[in-house]
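Where a number appears in this text, it was derived from the coordinates with a stated rule and is not lab data. Predicted, not measured: the structure shown is a model, and the values here were computed from it. Every residue, glycine as well, gets a Cβ built from its backbone with ideal geometry; the counts of neighbours run over all protein chains shown.
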Amino acid sequence: MRKMLAVGRKEFRQIARDRRSLMVLLFVPAFFLLLYGYALNFDVQNIQLAVHDSDRSQASRDLVNAFVESGYFRLAADVSSSREYEALIERGEVRAVLVIPSGLQRDLLTGHRVPVQVVINGDNSNTATTVMGYALSVLQTASAQYQAQVSTRSAPLVTVESRVWYNPQLRSALFLIPGLIAYIGMISSVVSTSLSVVREKERGTMEQVRMAPLGTGSYILGKTLPYFVISLATSVFIVLASMALFGLPMNGSWALLILALSLYLAGALGLGLMISTIAESQQVAFQLAVLASFLPTMMLSGFVFPIASMPAPIQAITLVVPARYFIVALRSIVLKGAELSAFWTELAALAVYAALMLTLASRRLARQWA
Amino acid sequence: MAPAILVRDLTRRFGAFTAVDAISFAVEQGEIFGFLGANGAGKSTAIRMMCGLLKPTSGTAVVDGVDVSRDPEDVKRRIGYMSQKFSLYEALTVEQNIRFFGALYGLDDARIALRMKFVIEMAGLSGREKTRARDLAGGWRQRLALGCAILHEPRIVFLDEPTGGVDPVSRRQFWRLIEEMSRSGVTTLVTTHYLDEAEHCHRIAIINAGKLAAMGTSRQLKEIFARRPILEIHSTRPVDVMRALEQVPDIEKTTVFGTAVHAVLRTPDVDLAGLARDLNARGLDVSGIDRVMPSLEDVFLDVVEHA
């Protein structure tokens, strides 16, 4: 215990005096939060809309107004031929075109079906899908209103009233920020610790430490300690910053959040130390660390791409990506305010992962020291 | 008194390469025992096996009465070890380094404080307690490293090329420390490829290609030249002198030794004046030709050549 604390204290002093470690532990997380927090955003706003209105009636004006008032569209051009709006789309000046046929008002009043066309620029399929969703919802609402006006007897029998829980405005930021917190925590912990053991190998201090009567367990835990404290503090700071900057809510308990963070970071640090025992130089360690933390946490954790829509073999791989469990737990805590019973299996998985990684790192080192 | 270190047929192979080949020797308590050999001769591999850092392929090493392969952890507690790279933590100060290594060896705070005083005095580091290791000059770093290696007052100290890259004055100071330790009963096993340093050792083992090629005191080792005197010849044309001497049947071999030429004779009696005349007759401008005492360098080269 005394020896472990001595290793921890020594490591902490080294970190405090090593510019590179400080960069990875403090600056990189803040930088990533701002960069990804502002840039990684699936919401589409201010869609430039052109209108080709051949009806020029009260009804057609109401329909255009419905689009503009939805808040997603901005009227950019009023055109009178298809050639005109084709040119606008081609030049990228508008993203969507609303084409209203002549006779809209007349047909609506007589209760006929009216086809209204929406042309969407599909060069970015993500954006196009979102735009289409917005357009459809505007049209459906408008259509329901007309039906109510025309039908003398009653309102339509079935109307859809959707309620989105936990994220009523469907802001993609709320969905992404927990993933981003996982991503940042993983990268800074894995990269910073991955350098720590290999640095001692390179500088020869490892040999001196090996000569001391010190168990590898004490050495590994002692090394983890300062990184753990620092990354936990950074992560809490990132959570607070996300609340201040991106309006991340906090509906659950801080104690549970800290618990989830602790388990997750312990696993990440274990992974970093493991890499450090394998690698023979700081460069190799850095590359391995980046490979092992960036990619899986970005691609296979449900951060960006939903795990449920991955092919089965890929889904199986995600089972060993700790961020997968952490993101579920984090979303449950901050967005849903869920109780421990809702995500204890995720926490258990994180605990198992952390124990496994730290044990493996310690074992590997013991074999090298023997 | 049981020997401090007892090594029997110690062998280490790395694949097909035999780094240490069945070496055996015993080191007495309080002795300064030198491992002399070229780079890659197997000195470090041997010392690492004796310290429990590396498992022997075969053979045994008993250090302070403990079989290293049986209980390497116990051996680690009993010995001090300092390697060629003076593995201190550069970002830590002198005091912090001492405290860290003291804690690793399980010393309590009071003992660390006591030993800190001793090490700082021994290494001449008073006034530099708060200096970071990276800002210390070579000699100080090396003495601090030695201090850190003996914080727990081991009876046996292993030093693996401790003086590499250190200036001659610091090297002499360092050896004075080792001699002091020896007087207080500490056994030292030191590897070096500096021949002048080997003269400080009570006994020397010459390691060549993993084998123990010769062992004994400096004087004993030099006896291989007892019946083969060494001549030192000074000339302005040493290379031509060597070429001429190779033709002389009584001369076994010649080597360049500084600016002079050393020639090993096959017989104890040789006509020096006659030889000088012969060489000068060939216009080789010999200014002096004397019998000299063999140096360890002569011994080392001779042993390596005959191995």
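Each DSSP beta bridge with both residues in chain A is either parallel or antiparallel, and the antiparallel ones are about 25%.
Projecting label points 7 angstrom from Cα along Cα→Cβ for A:M23 and B:E28 puts them 5.8 nm apart. Packing around the peptides A:133-141, B:293-301, B:126-134, taken as the average count of other Cβ atoms within 10 Å per residue, puts them in this order, highest first: B:293-301, A:133-141, B:126-134.
What does the structure give for B:95-106 when I average, per residue, the other chain Cβ atoms found within 10 Å of the residue Cβ?
Values: counts 0, 4, 3, 0, 3, 10, 6, 2, 10, 14, 6, 6.
So the per-residue partner count for this stretch is 5.
When chain B is treated as a Gaussian network with alpha carbon springs shorter than 10 Å, the biggest mean-square fluctuation among B:L107, B:L221, B:L284 belongs to B:L284.
The mean count of C-beta atoms from other chains within 10 Å of the C-beta of residues in A:208-220, rounded to a whole number, is 6.
Apply the Debye scattering formula to segment B:5-216, with a single equal point scatterer on each alpha-carbon and no solvent, then give log10 I(q)/I(0) at q = 0.11 Å⁻¹. Scattering profile of segment B:5-216, log10 relative to I(0): -0.51. Remark on B:I32: its backbone amide H falls under 5 Å from those of B:T188, B:H202, B:R203, a criterion applied only to residues 5 or more positions apart or on other chains, H modelled at 1.01 Å from N. Each peptide among A:3-11, B:115-123, A:121-129, A:261-269 gets the average number of other Cβ atoms lying within 10 Å of its residues, and from highest to lowest they stand as A:261-269, A:3-11, B:115-123, A:121-129. Listed by chain and number, the aspartates and glutamates whose alpha-carbon sits under 19 Å from that of B:K117, ignoring those within fewer than 8 places in the same chain, are B:E95, B:D108, B:D109, B:E129, B:E153, B:E180. Computed over every Cα-Cα pair of chain A and binned at 10 Å starting from 0, the pair-distance distribution P(r) comes out as 5, 20, 23, 17, 14, 10, 7, 4, 1, 0 percent.
Taking every alpha-carbon pair in segment A:47-150 and binning the separations at 5 Å intervals from zero gives 2, 13, 25, 25, 19, 11, 5, 1, 0 percent. Projected label points at A:R61 and B:R227, each 7 Å from Cα along the beta carbon direction, are separated by 13.0 nanometres. Output the relative contact order of chain A, whole-number percent, from Cα pairs under 8 angstrom with separation of 6+ residues. Over chain A, the number comes to 20 percent.
By the count of neighbouring beta-carbon atoms within 10 Å, fewest first, A:R61, A:R113 end up ordered A:R113, A:R61.
Quick one: putting +1 on the C-beta of Lys and Arg, -1 on the C-beta of Asp and Glu, what dipole do you get for the protein assembly as shown around its Cα centre, in Debye to the nearest 20? Charge dipole, the protein assembly as shown, about its Cα centre: 1360 debye, nearest 20.
For the Cα trace of segment B:223-306, dividing Rg by the Kirkwood Rh returns an Rg/Rh value of 0.94. When the Gaussian network model of chain B links Cα atoms closer than 10 Å, the mean-square fluctuations of B:A273, B:A263, B:A22 top out at B:A273. Based on alpha carbons, the Rg and Dmax found for the protein assembly as shown are 39.8, 143 Å. Counting Cβ atoms of other protein chains within 10 Å of each residue's Cβ and taking the mean over peptide A:199-205 gives 3. Counting 0.36 nm for each residue step from A:N251 to A:E90 and taking away their Cα separation leaves a gain of 53.4 nm.
Could you identify which residue out of A:R210, A:R199, A:R106 has the top mean-square fluctuation in a GNM of chain A using Cα springs shorter than 10 Å? Maximum among the listed residues: A:R106. Rounded to the nearest 0.05, the FRET efficiency derived from the C-beta distance between A:A16 and A:I258 at R0 = 30 Å is 0.80. Residue pairs exceeding 23 angstrom between C-alpha atoms, taken from A:K3/B:K43; B:K43/B:K253; A:K3/B:K55; A:K3/B:K76; A:K201/B:K76; A:K201/B:K211: A:K3/B:K43; B:K43/B:K253; A:K3/B:K55; A:K201/B:K211.
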